1. Could you grab the pairs with beta carbons closer than 6 Å, sequence gap of 6+ or different chains, first residue in the range 99-128 and more than 17 Å from Tyr277 (Cβ to Cβ), second one among the β-branched types (Val, Ile, Thr)?
2. I'd like to check something: does the range 145-154 contain any residue that is of a type outside the set (Val, Ile, Thr), closer than 27 Å to Ala24 by Cβ and open to solvent by 20 Å² or more (accessible area, probe 1.4 Å)?
3. Kindly check whether there is at least one residue in the range 240-259 that is over 26 Å from the mean Cα position of the chain (by Cα), without any contact (Cβ under 8 Å) to a residue 40 or more places away in the chain and over 24 Å from Leu188 (Cα atoms).
4. Can you name the residue in the range 155-166 that is open to solvent by less than 40 Å² (accessible area, probe 1.4 Å) and assigned to a loop (DSSP other than H, G, I, E, B) and is also nearest to Val292 (Cα to Cα) among such residues?
5. Looking at the range 194-216, which of its residues are closer than 18 Å to Ala170 by Cβ and among the small types (Gly, Ala, Ser)?
6. Please determine, by comparing only the residues of the range 25-62 that are in a helix (DSSP H, G or I) and at pLDDT below 85, which one is farthest from the chain's Cα centre (by Cα).
7. Among the residues of the range 65-80, is there at least one that is at pLDDT 80 or above, in contact with a strand residue (DSSP E or B) (Cβ under 9 Å, 6 or more places away or on another chain) and surrounded by 14 or more Cβ atoms within 10 Å (Cβ to Cβ)?
Amino acid sequence: MALEFNDLAAFLAVARAGGFRDAARAGGVSASSLSTAVRRLELKLGMRLLNRTTRSVAPTEAGARLIERLAPALAEMEAALDVLNGFRDKPAGTLKLNVPAGVARIVLPPLLAAFMKRYPDIRVEVVVEDSFVDLLAAGCDAGIRYDERLEQDMIAIPIGPRLQRFATAAAPAYLDAHGRPQHPRDLLSHACLRGQFASGAIPPWEFERDDELIRIDPSGPLLVRLGAAVDLAVSAAVAGLGVIHLYEDMLRPHLDSGALEPLLQEWWQNFSGPFLYYPGHRHLPAPLRAFVDFVKDSNAAIT
């Protein structure tokens with residue numbers, strides 16, 4: 001049975017993206033062409049590979065089994081073609097990264113700007129996602145996560161600042177009206193602007209001084225999805241609606257301008273910076289290899 005490579009690739013792209021429009025947007029093609037390719041493949045195989053609804057697309061049992069065998073095979077074919085990149089003066093192709101919102105805001109901007117200037121023939125796709133993901137199943141070349149959320153069996157290298165910290169702050173007008181907390185537990189009587197993960201979990205606020213670690217679960221007038229709506233919480237803090245506890249880098253412009261006043265600075269908790277991670281058991285595509293080397297060079301320059 002003669003199957004077209006492009007039809008197989010189209011099926012895999014749609015299955016990974018969870019829909020024809022998202023797959024078309026990511027691949028720079030039309031949704032109708034992907035639909036035609038998948039329908040042609042299903043006709044040749046004589047079975048349905050994708051269950052389609054008006055809102056989503058999901059593989060059938062047969063489609064899921066095909067993905068299990070097809071994804072590694074296509075990856076090997078892409079790797080074989082990528083070898084030709086070694087004959088170019090500069091690497092070309094697409095680098096697809098999966099990163100959390102905090103990294104997209106704080107870590108990536110200066111790195112990507114310099115990387116893309118050095119490698120103008122590499123197209124970078126950034127998927128912002130805070131939840132745990134399977135890189136290969138998501139069709140990404142590499143991801144960036146903090147140490148506690150790294151996938152197993154991956155190569156990980158430091159990227160960006162090696163030390164970050166959480167900061168606590170509020171608008172001076174709010175503090176003038178409600179008082180300035182002297183201890184983390186004082187926040188339990190303040191209006192606090194909280195964040196929530198996509199899973200629904202609301203992380204506690206953690207504070208650390210010397211060997212003492214304090215976790216509190218304050219209440220407040222605003223709850224936002226971490227990553228997607230964090231700017232709303234920052235704006236609310238600047239407007240004097242309550243106390244915010246967030247990455248220092250995100251609050252730094254408002255701290256420097258005086259729009260926000262730092263609180264409990266001796267309790268601000270440090271944490272290690274993020275890591276770039278990628279599968280170690282397969283050939284590295286030229287764009288990823290260039291990015292890994294670039295990150296390593298950047299780390300060497302910092303140290």
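The values are calculated or read from the model by the stated rules, or taken from the named source; none is laboratory data. Here the structure is a predicted model, which means the values were calculated and not measured. Cβ placement follows ideal geometry from the backbone for every residue including glycine, while neighbour counts extend to all protein chains displayed. Note: accessible area is taken over every heavy atom of the protein model, side chains too, but ligands, DNA and RNA are not part of it. Shrake-Rupley method; radii C 1.70, N 1.55, O 1.52, S 1.80 Å.
1. Final answer for the pair search is Ala101/Val128; Arg123/Thr94.
2. no
3. Scanning the range 240-259, I find at least one residue that is over 26 Å from the mean Cα position of the chain (by Cα), without any contact (Cβ under 8 Å) to a residue 40 or more places away in the chain and over 24 Å from Leu188 (Cα atoms), so the answer is yes.
4. Per the criteria, the residue is Ile159.
5. Gly195
6. Ala31
7. Yes - at least one qualifying residue is present in the range 65-80.
Residue-wise test of (1) modelled with pLDDT of 90 or more; (2) among the hydrophobic types (A, V, I, L, M, F, W, C); (3) under 19 Å from the mean Cα position of the chain (by Cα).
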| residue | (1), (2), (3) |
| --- | --- |
| Ala113 | yes, yes, yes |
| Asp121 | yes, no, no |
| Glu151 | no, no, yes |
| Ala167 | yes, yes, no |
| Ala177 | yes, yes, no |
| Leu187 | yes, yes, no |
| Ile202 | yes, yes, yes |
| Asp210 | yes, no, no |
| Ala229 | no, yes, yes |
